[in-house]
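Engineer: Can you keep this structure in mind? I'll have questions shortly.
Coordinate-derived values only; no laboratory data. Remember, it's a predicted structure, so these values are computed and weren't measured experimentally. Cβ placement follows ideal geometry from the backbone for every residue including glycine, while neighbour counts extend to all protein chains displayed.
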Amino acid sequence: MENNDNKGYRGAALSILNKFDVSVWNDVEIETTDGVFSGIVLPRSETADDRHIVLKLITGYNIGIEVDTIQGFTSYGSKEAHYKIPEKEFPYDPIKPNVVLLGTGGTIASRLDYRTGAVIPAFSPGELYGAVPELADVCNLKTIKLYGVFSENITPEHWAGTAKAIKREVENGAQGIVIGHGTDTMHYTAAALSFMIRQTPVPIVMVGSQRSSDRPSSDAALNLINATWTAGYSDIAEVLVCMFGPTSDEYALLHRGTRVRKMHSSYRSTFRTIGDTPVARLANGEIHMIKNDLRKRCPKTPLEIDTVFDDRIAIVYYYPNMKPDIIDSLVDNGYKGIVIAGTGLGHVNKPLYPSLKRAIKEGVHIYMTVETLWGYVQMYVYDTGRDIMELGVVPGANMLPEVAYVKLGWVLGHTHDREKVAEMMLTPYAGEITEREAVDGYLIMQGGLPEMEKFLKEVHV
Ligand code: ASP
């Protein structure tokens with residue numbers, strides 16, 4: 001008889017569960033040709049193959065066991081997991097700072113859905129406190145779910161909506177703001193908020209997590225604690241990103257919103273300051289400043305926002321043999337601004353020149369950045385760079401391509417006058433252009449040194 005409890009299992013995997021009378025949530029020992037494994041049988045993603053049984057090991061890790069290797073099961077009863085996080089009311093302590101956490105979605109506000117195997121959003125104030133009770137040692141926390149989207153779905157409307165919510169909460173007395181956000185596009189939102197929030201009396205700290213909170217290696221709790229700590233106690237009144245420094249949980253790094261970028265698809269230490277040093281290092285509730293040119297917390301400063309945005313903008317990442325129709329199609333479709341991530345010091349191939357010329361003639365604003373990420377655009381070095389400038393393409397100094405893209409949308413929200421756009425684009429508003437690159441800004445002081453030292457020792461034995 002078919003066992004209906006075997007959620008998501010089918011074919012060979014379902015047959016073997018039925019053969020040994022095992023159900024999902026059974027606590028089992030599985031004897032295989034590769035050894036014995038103990039754990040709980042988890043539901044299977046409906047879209048996954050029928051060749052594996054998924055087991056949650058005692059360590060918390062999930063493994064898949066190949067059906068053909070299974071020799072027998074011993075079952076020790078059932079342990080159905082309830083993945084609902086207990087809701088608790090956040091305690092209030094008059095001595096602690098009032099921090100507001102604005103949730104926008106992403107892994108930090110997610111849990112695993114065992115039906116589909118996917119990570120699904122789950123964010124409520126009570127759930128958050130239930131999951132990370134240490135937050136109550138740091139601050140009085142109010143949480144507001146602004147949005148519940150994975151960050152690839154964030155748009156300029158979300159950026160403006162977040163800036164407006166920050167203004168409202170700061171005017172209502174928040175002494176620090178934390179923004180929970182998907183990590184994939186957090187650096188775009190950090191840049192957008194850096195431009196849209198013209199001045200702030202308190203820290204605005206963006207945070208996310210690379211691993212969801214049901215996983216033993218999750219960075220969600222520590223990142224939240226570090227971010228609320230920075231928001232509540234630090235002296236830095238800027239838009240920051242707070243995430244793991246090294247791959248271990250030794251310390252967090254604080255990065256400036258316009259100089260930060262997600263650099264690894266899965267490491268917890270994925271955010272890196274590019275072309276500068278991080279702002280500060282944070283460990284065990286202590287902040288060690290690395291940079292000192294930051295705006296300071298000042299309760300009397302009014303929070304000012306400027307959320308205009310023209311979204312008719314694009315980034316074009318240059319690659320060899322790019323055809324001019326890429327540029328033409330943007331112009332034909334009404335785009336008003338293009339940021340190019342060019343090769344080396346800021347180049348594209350000759351066949352693109354006529355299309356760039358035409359685009360500029362038709363009123364499109366084109367800015368050059370570098371796909372090397374580190375370093376400045378320097379279009380005076382080669383003739384080809386000068387030629388491109390003569391067409392009207394403007395070198396974007398050391399703005400990161402994504403930052404220049406966000407800034408161009410923000411600037412075009414104010415003006416389309418060519419000179420005014422150039423003046424605004426080349427004036428640093430939030431540290432997006434620096435006069436020179438910090439000598440220690442290239443790869444060092446980035447949280448990677450402990451791993452690097454270990455690696456060098458191993459190589460040089
Ligand atoms: N895809 C997710 C997001 O950016 C990843 C994360 O949250 O880290 O929304």
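Engineer: Give, as a single signed number, the net charge of other residues whose beta carbon lies under 13 Å from the beta carbon of GLY409, with Lys and Arg counted +1 and Asp and Glu -1.
Structural biologist: Details: positive: ARG312, LYS336, LYS407; negative: GLU157, ASP306, ASP310, ASP311, GLU402.
Taking every other residue near GLY409 into account, the sum is -2.
Engineer: Which of the three applies to segment 141-212, rounded, prolate or oblate, going by the alpha-carbon gyration tensor with a ≥ b ≥ c and a/c under 1.5 meaning rounded? Don't jump to the answer; show the numbers that get you there.
Structural biologist: Values: a/c = 1.73, a/b = 1.38, b/c = 1.25.
Verdict is prolate for segment 141-212.
Engineer: Counting helices only, and only those DSSP H runs with n ≥ 4, report the 222 nm mean residue ellipticity of the chain as the sum of -39,500 (n - 2.57) divided by its residues, in deg cm²/dmol to the nearest 500. If you can, show how the numbers build up before the last one.
Structural biologist: Details: 12 runs with 119 residues, N = 461.
One gets -7500 deg cm²/dmol as the mean residue ellipticity at 222 nm.
Engineer: Show which aspartates and glutamates lie in cross-link reach of LYS19 when reach means a straight Cα distance below 17 angstrom and same-chain residues fewer than eight apart are skipped.
Structural biologist: Candidates past the 8-residue exclusion: GLU2, ASP5, ASP27, GLU29, GLU31, ASP50, GLU66, ASP68.
Engineer: Sorting CYS139, CYS298 on the 10 Å Cβ count, fewest up front, what's the list?
Structural biologist: Values: CYS139 24, CYS298 12.
The most exposed by this proxy come first: CYS298, CYS139.
Engineer: I would also like to ask the following. Just order 379-388, 7-16 by mean Cβ neighbour count inside 10 Å, highest at the front, would you? All intermediate terms of the calculation are to be shown ahead of the outcome.
Structural biologist: Numbers: 379-388: 15.5, 7-16: 17.9.
Ranking the peptides 379-388, 7-16 by packing returns 7-16, 379-388.
Engineer: Among ASP219, ASP49, ASP68, which comes first, second and so on when ranked by fewest other beta-carbon atoms within 10 Å?
Structural biologist: On the way: ASP219 28, ASP49 13, ASP68 10.
Lowest to highest Cβ neighbour count: ASP68, ASP49, ASP219.
Engineer: Another question, then. Restricting to Cα pairs below 8 Å that are 6+ residues apart, what does the relative contact order work out to for segment 8-55? Please round to a whole percent. Working shown, then result.
Structural biologist: Working: 59 pairs, mean separation 20.6, N = 48.
Here the relative contact order equals 43 percent.
Engineer: Follow-up question, since we're still on this one. Cα centroids of segment 193-271 and segment 295-328: how far apart, whole angstrom?
Structural biologist: Between the Cα centre of segment 193-271 and that of segment 295-328, the gap is 21 Å.
Engineer: Below 8 Å, C-alpha to C-alpha, sequence gap of six or more: please give me the relative contact order for the chain in percent.
Structural biologist: Numbers: 1018 pairs, mean separation 50.8, N = 461.
It comes to 11 percent, rounded to a whole number.
Engineer: Taking only Cα atoms, what is the 0 to 90° angle, nearest 10, from helix 449-459's long axis to the longest principal axis of the chain?
Structural biologist: For 449-459 against the chain, the angle is about 70 degrees.
Engineer: May I pose another question? What ³J(HN,Hα) values, in whole Hz, does the Karplus curve 6.51 cos²θ - 1.76 cosθ + 1.60 give for segment 152-165 when θ = phi - 60°, with x put for Gly and Pro?
Structural biologist: 5, 9, 6, 10, x, 5, 5, 4, 5, x, 5, 4, 5, 5
Engineer: What is the helix-to-structure angle for 220-233, meaning the angle in degrees between its Cα long axis and the longest Cα principal axis of the chain, kept from 0 to 90 and rounded to the nearest 10?
Structural biologist: 50
Engineer: Follow-up. Could you sort out which of LYS7/LYS56; LYS145/LYS167; LYS323/LYS361; LYS336/LYS357; LYS56/LYS262 sit more than 22 Å apart by Cα distance in this structure? Present the calculation step by step, with values, prior to reporting the outcome.
Structural biologist: Values: LYS7/LYS56 15 Å; LYS145/LYS167 16 Å; LYS323/LYS361 19 Å; LYS336/LYS357 14 Å; LYS56/LYS262 30 Å.
Where the Cα-Cα span goes over 22 Å, the pairs concerned are LYS56/LYS262.
Engineer: Would you work out the relative contact order for segment 202-295, in percent, from Cα pairs under 8 angstrom that are 6 or more residues apart?
Structural biologist: On the way: 196 pairs, mean separation 22.7, N = 94.
Contact order relative to length: 24 percent.
Engineer: Still on this structure: From the Cα gyration tensor of the chain, with a ≥ b ≥ c the square roots of its eigenvalues, which class applies: rounded if a/c is under 1.5, or else prolate if a/b is larger than b/c, or else oblate? Write out the running numbers ahead of the final one.
Structural biologist: Details: a/c = 2.05, a/b = 1.53, b/c = 1.34.
Because a/c hits 1.5 or more and a/b exceeds b/c, the chain counts as prolate.
Engineer: Further, regarding this structure: Taking only Cα atoms, what is the 0 to 90° angle, nearest 10, from helix 401-412's long axis to the longest principal axis of the chain?
Structural biologist: Value to nearest ten degrees: 60.
Engineer: Take each of the peptides 288-297, 242-251, average the number of other beta-carbon atoms within 10 Å over its residues, and list them starting from the highest. Walk me through the intermediate numbers first.
Structural biologist: Numbers: 288-297: 13.6, 242-251: 20.2.
Output ranking for 288-297, 242-251: 242-251, 288-297.
Engineer: Then there's this: Please order ASP325, ASP311 by the number of other Cβ within 10 Å, starting at the fewest.
Structural biologist: Details: ASP325 10, ASP311 14.
So the ranking, lowest neighbour count to highest, is ASP325, ASP311.
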